[in-house]
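Engineer: Okay, here's the structure, questions in a sec.
The values are calculated or read from the model by the stated rules, or taken from the named source; none is laboratory data. Just so it is clear, the structure is predicted and the values come from calculations on it, not from any experiment. Note that each Cβ is placed from the backbone with ideal geometry, even for glycine, and that neighbours are counted across all protein chains shown. Note: accessible area is taken over every heavy atom of the protein model, side chains too, but ligands, DNA and RNA are not part of it. Shrake-Rupley method; radii C 1.70, N 1.55, O 1.52, S 1.80 Å.
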Amino acid sequence: MQEIKAAMFELNTVGETVAKHHAIEILPASTYTTPAIPMYGEPCANPLVQRSHTLTHPPVYMAEVNNYKIIGGCAFPIIDDKCVKPQMFAASTWETWEQAKGNALIKDNLIAYRGLIGHIKIDEKVINLCGNGSFNYAHWMTEFLPQLVLLKQSGLDLAEYKVLVFEKSFSSMLEALYMLGFSQSQLIPIKNLCFYEFTQAQWVSPVSNVVFQRPNANSVGKNEEELASPSQALFHPEVIKKTRNTFLNLANVKNKENQPEKIFIKRTPGGKKSTRLVVNELEIQQLLENNGFVTIDPSLLDFESQISVFSNAKIIVSPSGAALVNMLWAPEGAELVVLMNNSQVVNYWYFSNIAKILGHQLCYVLGKTVQTGNWIDINHADFEIDQNELIKVINTFGKAKQNDNANTINVKKIRVLLTIQHASVWPSLKSVYIALKKSPGIEVKVIKSPFIHVAEDQFKQLNELDELFKKENITLETLAENLVYSFKPHLIFLQNPYDSTRVKLLHSHNLHSLGIRTAYVPYGIEMGGGAENIQNQFSTDVQKQAWRVFLRSNRNKAMYARHCAIGDAHTVVTGHPKFDSQQDFVSYPISAQLKTKIAGRKVVLWSPHFSVGLPASWSTYRIYNQMIMQQVEARPDVFFIIRPHPLFFKEMLRQQVWNESGEVEFRKLCAEKDNLWLDENADCMESFAASNAIMTDVGSFLLEYLPTKNPIMYLHHPEGFGLNDDGDLVDHYYRANLPEDIPPFIDMVSKGQDPMREERIGVTDEYLFGLDGKAGQRIADYIVEELSKELSETEWHPNPLSEEALQNKTNHYWKNAPSTLNAPPVFYELKDKAFKEALSLLPTLDYAIDLGCGEGRYTLPLSKKCKQLDALDISPKLIHVANKRKQKFNILNVSFVNTSYQEMQLKKQPDLFSCSDLTSSIIDNLDFAKLMHAIKTNLTEQGFLLLSDQFSLTQEDHTIQAPSGLVTKIRSLELFKNFMASLGLSIVSEATISESVAHGMTARLYLFRFSK
């Protein structure tokens, strides 16, 4: 990169550029009439919304140009060393991003740039998708991405070009490029304010003429009276329609009828300033959901999923923001209700003009601008919407009326989703599905989702799923992330502990944040050792955040107690449902082809693991392969089935153990050799039923094969990771420590001998509970019983918005919470500092109580001030974590107790009570007052109360319902302090941890002292 800090160019017009480069017209000019915009709520100051307007967008051209230049993020491409401005550009009404940032100055017919960060020359043919607003999803979809749609339809060979994209583009933007056929290697990331030169470019004249912002928009008090006009958001109708149709066709939306008809779009702010937040959004969300709407946060969806989710939308309610451009995918005639502030400068035609082109009906509901201190530009001011006005609009606006029964959800059934990513894992969930399907209290769906892994062929894997479920005669839903919103599951079964293998929305923490419980049935029977593997099998987010984990044995449960960071309180021993289908090996059907090839011989099954790389882990392929294949050759009287791990072949190539010809030769050998068979079926049952013995690496087959009662040989790797806590099971198995141990085992099997049989069978029940074919039924019964209790106290409560129901929601949230951390790390750094300062003011205490102690983050520092400390919390998970901390730091004066604050038992009169973020989880003010009175009554004279929590800066309390299910009561700070003073609790110290004027909230830490 060469250094350059400034540059100056002449301004040029589109017309002059078209003439010089003999540009081709790809779309003619288009004239259309945009209608009057219905306005509700606060009065609209712009009279232009009251009438229709005729608009004309200029033609769109394309041309091949040489020596093409851009300045990253800036509005004008540089052709012939001149900046080409849009046709509708006027300095008096249109301020560019670079002008607003102070990096460009336009005077007369010149533009000067400063603050440039460098100069890069690249010898490539390019198409430029960078400019003002290309970082914004709406601008990207309507002003930049359509260029590629038009070029593709023009017949241009796009494979010859690289595409310039903003270096911080959202993943959904890039996914749109991939759908068009571009590869990641074709993308060139562009840095803001970096000067680039390219050999050649395919230039497209503006497909939209949209004013970036009015002049001096970020200067308070300037141009705040200036009204917008329809021509400042000018789109070419054909560009919008072609973009819509192109991606709807590419997305190939299936099961459209399962997508929501009523959608509320959550506003995801883009930064600390200019957020345009609806300050009462949570209340609006609750109101709309009570009226049949499904809340969507498009930022959690990939590009294709956004298309699918909105493909059936009949009515969309959304704050004005980029996500509303998803109206592109809604059926013609959709009703759009846009929430916006009532500032005079708002350009109402940006979304209105797009809606007109698409055939939608659009109106605005304006809310009062709220001075939160969290915005600068009045156009992006925060605001509050009148809920009654919004409901009136939804019930009256537009001609199309929604069918009250459409997309309804049976609220008295437990809704369960089973995710399936790989056919080989279906046996672990099949009997669960069957039992759930039979239960009258459950509605269950199965959804397929890609298994994202470097060694996985996703196309093949998804096809195998389709074939499997076709045979099973089970409807397999697609695009699981969409069903999360439309089906509103109470519980989702995740297939494996690796969130990285799933689409973003199906990551366990995202589901948890949406208030969706997750369940986990281990996809394999964990047997491998190694610290990383133990972490993956027992203590990832999937296991820690699970509502329940269903386990194979009490030994397995003990592993969770030992290895899971939050213990085993959330685990249930039901038996593993994988074994439900393994009840009758003798009569299990074996294909005629395999049976013919076996021809009555004894059968040895070999199951190599995929981890063939170095250093060694679990695979023993490099040790035993040669000997086993020699035995295949030397023992024609014995038949061998090879059933490798599903990732085996990909990993053999990736680790360069063999090349592609090696795989071809191996498969050919298996097909042609008289005594050899390759099993790649999704289900292992045929191989289990056909075999008389198994040789296996560390893996689930060490346990899965046990119910066959046939001989098992454990293939040991002296340098591998070994086995987990169930590893002593192999003491009852045959064992290979050297290749020379293989032939005697095969010989033994060929003779029908098995001297360890009784010993092996005798330990089965210790390692595998419930081999009665009913594990899936036990899981279904448990779900019905336990979830019915929870839902009857919350969602199914006669009055779900009552304080009793809300308190129940909060209690259930905390009982299942894997952590108390729900704020950014910097918050806890500030809180830690404030807590430490408060502790420094305390004398040595005899006895203290910590209420709502959580993981003990603040209990342990407090223990240094106490001779004896009891800490209480209702979450068994959090108490488990706290006890581990206690052991780690050898704290002897603390007792952690799993109980609620209402059931606390005092050993004597405390010198201090501590309540960290507890009081906001007490919804009823009377319950809060009772607790404070109990603290006052039980404290010693001159005793202390250490209390931290969130408070309202207004005179009113606020109840907030988070999507995660957590409900909090944010009490008025002023009223709280007055109440505490009335109890005789005086403030010793007060610390502000954080404060948001925008949301009217503050987090404080208080040290009170009681005097009678």
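Okay, residues lined up against (1) farther than 27 Å from residue 689 by Cα; (2) open to solvent by 40 Å² or more (accessible area, probe 1.4 Å); (3) not in a loop (DSSP other than H, G, I, E, B):
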| position | (1), (2), (3) |
| --- | --- |
| 559 | yes, no, yes |
| 562 | yes, yes, yes |
| 566 | yes, no, no |
| 587 | no, yes, no |
| 603 | no, no, yes |
| 610 | no, yes, no |
| 614 | yes, yes, no |
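Engineer: Output yes when any residue across segment 47-55 is part of a loop (DSSP other than H, G, I, E, B) and surrounded by fewer than 20 Cβ atoms within 10 Å (Cβ to Cβ), and no when none is.
Structural biologist: For segment 47-55, residues part of a loop (DSSP other than H, G, I, E, B) and surrounded by fewer than 20 Cβ atoms within 10 Å (Cβ to Cβ): present.
Engineer: Which one of the conditions (1) closer than 25 Å to residue 589 by Cα; (2) modelled with pLDDT under 95; (3) among the aliphatic types (A, V, I, L, M) does residue 693 fail to meet, given that it meets all the rest?
Structural biologist: Only one criterion in (1) closer than 25 Å to residue 589 by Cα; (2) modelled with pLDDT under 95; (3) among the aliphatic types (A, V, I, L, M) is unmet by residue 693, namely (2).
Engineer: While we're here: The conditions are (1) crowded, with 20+ Cβ neighbours inside 10 Å; (2) out of contact with any strand residue (DSSP E or B) (no Cβ under 6 Å at 6 or more places or on another chain); (3) hydrophobic (A, V, I, L, M, F, W, C), and residue 315 fails exactly one of them. Which is it?
Structural biologist: Every condition holds for residue 315 apart from (2).
Engineer: So residue 823 ticks every box in (1) out of contact with any Phe, Trp or Tyr (no Cβ under 9 Å at 6 or more places or on another chain); (2) open to solvent by 10 Å² or more (accessible area, probe 1.4 Å); (3) not in a loop (DSSP other than H, G, I, E, B) but one. Which box is left unticked?
Structural biologist: All conditions are met except number (3).
Engineer: Next up: For segment 433-445, which residues satisfy the criterion of being outside any loop (DSSP other than H, G, I, E, B) and in contact with a strand residue (DSSP E or B) (Cβ under 7 Å, 6 or more places away or on another chain)?
Structural biologist: Filtering segment 433-445 for residues outside any loop (DSSP other than H, G, I, E, B) gives 433-438, 442-445.
433, 436, 437, 442, 443, 444, 445, listed by residue number.
Engineer: Now for a different question. I need the full set of residues from segment 733-771 which are polar (S, T, N, Q) and in contact with a strand residue (DSSP E or B) (Cβ under 6 Å, 6 or more places away or on another chain), in order please.
Structural biologist: Within segment 733-771, just 750 meets the criteria.
Engineer: Can you pull out the residues in segment 815-842 that are among the charged types (D, E, K, R) and over 23 Å from the mean Cα position of the chain (by Cα)?
Structural biologist: 829, 831, 832, 833, 836, 837
Engineer: Hey, another quick one. Select, from 513, 508, the only residue that is open to solvent by 10 Å² or more (accessible area, probe 1.4 Å) and among the polar types (S, T, N, Q). Steps first, answer last, please.
Structural biologist: On the way: 508 fails: open to solvent by 10 Å² or more (accessible area, probe 1.4 Å).
Only one candidate qualifies: 513.
Yes/no per residue for (1) at pLDDT 95 or above; (2) in contact with a Gly (Cβ under 8 Å, 6 or more places away or on another chain); (3) open to solvent by 20 Å² or more (accessible area, probe 1.4 Å):
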residue: 634; (1), (2), (3): yes, no, yes
residue: 642; (1), (2), (3): yes, no, no
residue: 647; (1), (2), (3): no, no, no
residue: 655; (1), (2), (3): no, yes, yes
residue: 680; (1), (2), (3): no, no, yes
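Engineer: Condition test on residue 107, is it farther than 25 Å from residue 238 by Cβ and without any contact (Cβ under 8 Å) to a residue 40 or more places away in the chain?
Structural biologist: Considered against the rule, which asks whether it is farther than 25 Å from residue 238 by Cβ and without any contact (Cβ under 8 Å) to a residue 40 or more places away in the chain, residue 107 comes out as yes.
Per-residue answers, yes or no, for (1) in a strand (DSSP E or B); (2) open to solvent by 20 Å² or more (accessible area, probe 1.4 Å):
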{"position": "931", "(1), (2)": "no, no"}
{"position": "955", "(1), (2)": "no, yes"}
{"position": "976", "(1), (2)": "no, no"}
{"position": "992", "(1), (2)": "yes, yes"}
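Engineer: Of the residues that sit in segment 446-487 and are farther than 20 Å from residue 304 by Cα, open to solvent by 20 Å² or more (accessible area, probe 1.4 Å) and assigned to a loop (DSSP other than H, G, I, E, B), which one is modelled with the lowest pLDDT?
Structural biologist: 456
Engineer: Turning to a different aspect of this structure: Residue under question is residue 23, and the condition is that it be among the small types (Gly, Ala, Ser), open to solvent by less than 70 Å² (accessible area, probe 1.4 Å), more than 24 Å from residue 393 (Cβ to Cβ) and over 43 Å from the mean Cα position of the chain (by Cα); does it hold?
Structural biologist: Criteria met by residue 23.
Engineer: Okay, moving on. Between 959, 940, which is out of contact with any Asp or Glu (no Cβ under 8 Å at 6 or more places or on another chain) and either in a loop (DSSP other than H, G, I, E, B) or in the same structural domain as residue 831 (by the TED database) (or both)?
Structural biologist: After applying the criteria, what remains is 959.
Engineer: Take residue 11 and decide whether it is assigned to a helix (DSSP H, G or I) and open to solvent by less than 60 Å² (accessible area, probe 1.4 Å).
Structural biologist: On the way: assigned to a helix (DSSP H, G or I): no; open to solvent by less than 60 Å² (accessible area, probe 1.4 Å): yes.
For residue 11, the condition - assigned to a helix (DSSP H, G or I) and open to solvent by less than 60 Å² (accessible area, probe 1.4 Å) - is not met.
Engineer: Looking only at helices (runs of 4 or more DSSP H) that lie completely in segment 749-797, which have at least 3 residues being within 27 Å of residue 428 (Cα to Cα) and open to solvent by less than 30 Å² (accessible area, probe 1.4 Å)?
Structural biologist: Output list reads 775-793.
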